[in-house]
Amino acid sequence: MNNYKKDWSAYWKSGFSGSCVANNNDELPAAVKSFWESFCLSSLKNHMQILDLCSGGGVLPHLFVKVSDDDLHLTINSTDYSEVKHDTLDLGHKRIQFIANCNCEDLPFKANTYDILTSSYGVEYSDIEKTIPEAKRVMKSGGSFALVIHTDDSEIVKNVQLQKQQGHFILEKSGFFNSFKKYYQTKRIGKAFQNSAEKKLQQALNTIKKQILSYQNPGVFYSVLEAASDTFHFGQNHSPSATIRHIQQMERALKQNFNRMKNLQEIVHQEKTLIKCIKSNGFTISFNKKIKQGHKTYGRGLICQKLS
């Protein structure tokens, strides 16, 4: 996570609540949402202390508040290593405290504090050999540790692979951003230079449009073309220098998203290691199944107990 902290921080600051991209949005897939709703209904009890690790935009704590009984008193600490900034929320009898820059490998909480620990697509980004003992340390005896983790065959990972390919093509092969910036730079030089720059920009756009035919889900290409259209409109009412800064922001946003996807590709093989580490730290696993919706997989669900 260390190498990608800025990229993840930028993503969460954009207002997203989750990072699932199986359906080109940030919502939990229906099967994953069902897993968490079922866990919530069967496990949450009055006056419980809950710790959500690697919360990001807080999608899981908000789900717990929404699903749980209105009269149930809950205190939820929502943590993330990135620089997420949320206010503490008092929601009826529930209280969510968001804690940014919180390293789950060295949690700033006392031992035997929490009844429940959760993580949705999170702990596998950390150093598992340090995180799992920390999770056990801060949990009360008899507490539950519930996780959803990425798997190689999940729709989320498959879609990330496709988006990573598309991002790589745009950033590294198409020449799109350089030609786009050059187009506005030449506005100050002369018509002949601008005509040449416009031709190169059109060639770059055409290479992206051709790539769309190669993908069943060409979401990144579409989003870049839409952003390019918005930038052209922006350029009609702003100076070339302001438009170039606009293009640079667009390029930076794509690079940050591309880096997040590289991060997922690096950690997705942690499934077996994580389960082995959970067992070796004395947890019992009462639930261990892939989360499926029809024939499609969206990760693995785990429910573990700390017995002592």
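Between ASP69 and ASN112, the simple spin-label model (points 7 angstrom out along Cα→Cβ) gives 2.7 nm. Check cross-link reach from LYS255 to the aspartates and glutamates: straight Cα distance under 20 Å, and skip same-chain residues fewer than eight apart. Here the aspartates and glutamates satisfying the reach criterion relative to LYS255 are ASP7, ASP26, GLU83, GLU172, GLU226, ASP230, GLU266. The gain in end-to-end length when the GLN236 to ASP153 segment is fully stretched comes to 25.3 nm, 0.36 nm per residue minus the alpha carbon separation. Cross-link check: pairs LYS85/LYS140; LYS110/LYS130; LYS5/LYS158; LYS136/LYS276 evaluated at a Cα-Cα cut-off of 19 Å; pairs beyond the cut-off: LYS85/LYS140; LYS5/LYS158.
The P(r) of the chain has a tail past 23 Å containing 60 percent of all C-alpha pairs. Between GLU266 and LYS45, the modelled label-to-label distance comes to 4.2 nm, taking each label 7 Å out from Cα in the direction of the beta carbon. Among 207-220, 125-138, 229-242, sorting by the average number of other beta carbon atoms lying within 10 angstrom of each residue, highest first, gives 125-138, 207-220, 229-242. Summary value for the chain: 20 percent relative contact order, contacts being C-alpha pairs under 8 angstrom separated by 6+ residues.
Considering only C-alpha atoms, what is the centroid distance from region 151-186 to region 274-308, in Å? Region 151-186 and region 274-308 have Cα centres separated by 34 Å. Extension gain for ASN195-LYS289 works out to 28.0 nm (0.36 nm per residue, less the C-alpha to C-alpha distance). When each of ILE285, ILE116, ILE267 is scored by the number of other beta-carbon atoms lying within 10 Å, the sequence from fewest to most is ILE285, ILE267, ILE116.
The gain in end-to-end length when the LYS5 to ARG137 segment is fully stretched comes to 45.0 nm, 0.36 nm per residue minus the alpha carbon separation. With neighbours defined as other Cβ atoms within 10 Å of a residue's Cβ, the residues ASP115, ASP87 order from fewest to most as ASP87, ASP115. In the chain, the longest principal axis of the Cα atoms and the axis of helix 155-168 are about 30 degrees apart. Could you compute the FRET efficiency for ASP127 and HIS168, with r as their C-beta to C-beta distance and R0 at 25 Å, rounded to 0.05? Calculated value: 0.35. Normalised by the number of residues in region 155-264, the mean separation of alpha-carbon contacts (under 8 Å, six or more apart) gives a relative contact order of 39 percent. The simple spin-label model puts a point 7 Å past each Cα toward its Cβ; for GLU226 and LYS210 those points are separated by 2.5 nm. In this calculation the C-beta distance from THR273 to ASN101 is compared with R0 = 22 Å, giving a FRET efficiency of 0.30.
With θ taken as phi - 60° and the Karplus curve 6.51 cos²θ - 1.76 cosθ + 1.60 applied, the whole-hertz 3J(HN,Hα) list for region 194-207 is 5, 4, 5, 5, 5, 5, 5, 5, 5, 5, 5, 5, 5, 5 Hz, x standing for glycine and proline.
Taken together, the values in this text are just the output of simple stated rules run on the coordinates, not laboratory data. Since the model is a prediction, treat every value here as computed from it, not as a measurement. Note: ideal-geometry Cβ built from the backbone for every residue, glycine included; neighbour counts use all protein chains shown.
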